[in-house]
Amino acid sequence: MTGGTEKLRAAVVGVGYLGRFHAQKYKMIPEVDLVGVCDSKPDRAEEIAKELSVQAIPTYKNLVGKVDIVTISASTVNHFEIAKFLLQNSINVFIEKPITVKSQEAKELCEIANYKGLKIQVGHVERFNPAMISAQKVLNNPLFIEVHRLAPFTPRGADVDVVLDLMIHDLDVVLALVRSPVKNVSAVGVPVLTKLVDIANARLEFESGTIVNVTASRVSQTTTRKFRVFERDKYLSIDFGLGSVDLLTKTGEWSGGIPPLNHESWSLEKGDALLAETRSFVECVDQNKKPIVSGEDGLAALQLAEKILENISARFAQG
């Protein structure tokens, strides 16, 4: 169905903490009929199905012929198997980040979707953050970017390392802003509470000359989500958590004393980025448009994450 008057039939696979929110968003969109939810834990599926007055579906394989779109919010290790089956059966998919564990898997999903004329959208929700959308309007040529995404530990997402759990959000945003091939990667990471990397830092050099320093931690005491961009004659700071933006622009030549700067700051309503990206996915399927965060975008972010992890592993091997 594209551009028609019938509702898109939807389902959510994996209704844990985040998946429940995905299901709620579908219920809020008039153009969508949420058919049901499924989860590896039948009791959880029944609970959310009852809450939203939909069916609890035993397995994602039972969705064939019943739905047009599916959000996959299961464990990352299961993304590929579920998405591949759904795509092969002509169902469009919204896949929570990261798209898959391995880039080769993500590449295969993109190839299937392209061959069958289906949509893949990846859940890099910061692209739909009002602060990010606002900031993009004033950015032209980033020369240096510094990113900090720090959070207290939670078991949710700990099935993968912090690069795939948290840093990948910022890798996607960086790639969307810089739009240049990565020339060099230098990274370090440390397991702290789990057997996987829990805190990591990467220095990225792009062929355009842009340098990016990105840090992600899931073992911090407080939550920080800050993104700083430096251009010639311009400095912009985004606080994703607060939804605030600060912009300093050089207004003349410095001749000593206080620099000639114009300071603007604005705070935006946080909005509902998850609802915005869900609406965007529905619109892309309904109107046959390319997703704002496509399967190829998810693949690119994952490939960069792999380079970072390979560099971290190489350092461990040397040590």
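Just so it is clear, none of the values below were taken in a lab; they were calculated from the coordinates. From a predicted model like this one, the values you see are computed outputs, not experimental measurements. With ideal geometry, Cβ positions are generated from the backbone for all residues, glycine too; neighbour counts draw on all protein chains shown.
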Report the charge-dipole magnitude of the chain in Debye, nearest 20, computed about the Cα centre from +1 at each Lys and Arg Cβ and -1 at each Asp and Glu Cβ. 140
Arranged by the count of other C-beta atoms within 10 angstrom, fewest first, what order do Glu253, Glu264 take? Glu253, Glu264
Please find the FRET efficiency linking Lys102 to Asn262, where r is the Cβ-Cβ separation and R0 is fixed at 45 Å, and quote it to the nearest 0.05. 0.45
For the chain, with a Gaussian network of springs between Cα atoms less than 10 Å apart, report the residue from Arg149, Arg232, Arg279 with the top mean-square fluctuation. Arg232
Bins of 5 Å, starting at 0 and running to the largest distance - Cα pair percent for the range 164-238: 3, 13, 24, 25, 18, 11, 6, 1, 0
Where the Cα pairs of the chain fall when distances are cut into 10 Å bins, in %: 6, 25, 32, 24, 10, 3, 1, 0
Along each principal axis, Cα extent of the range 61-110, largest first, Å: 29, 18, 14
So the number of lysine pairs in the range 211-319 with alpha-carbon atoms under 26 angstrom apart, 8 or more residues apart or on different chains, is 8
Can you tell me the FRET efficiency between Thr223 and Asn141 if r is taken as the Cβ-Cβ distance and R0 is 41 Å, rounded to the nearest 0.05? 0.85
GNM of the chain, Cα pairs under 10 angstrom: of Asn92, Asn288, Asn201, the biggest fluctuation goes to Asn288
How far is the Cα center of the range 262-279 from the Cα center of the range 154-198, in Å? 23
Share of Cα-Cα pairs in the range 217-276 beyond 18 Å, in percent? 52
Considering the Cα positions of the range 141-206, please state its Rg to one decimal place and its Dmax as a whole number of Å. 12.9, 39
Cβ-based exposure ranking for Asp297, Asp159, Asp39, in which fewest neighbours within 10 Å come first: Asp159, Asp297, Asp39
Over its alpha-carbon atoms, the range 249-319 yields an Rg and a Dmax in Å of 22.0, 58
I'd like the Kirkwood hydrodynamic radius of the range 169-319, using the inverse of the mean 1/r over distinct C-alpha pairs, in Å. 18.4
Which order do Phe80, Phe227 fall in if you start with the one that has the fewest other Cβ atoms within 10 Å? Phe80, Phe227
Once you place label points 7 Å from the Cα toward the Cβ at Val64 and Asp43, how far apart are they in nm? 3.1
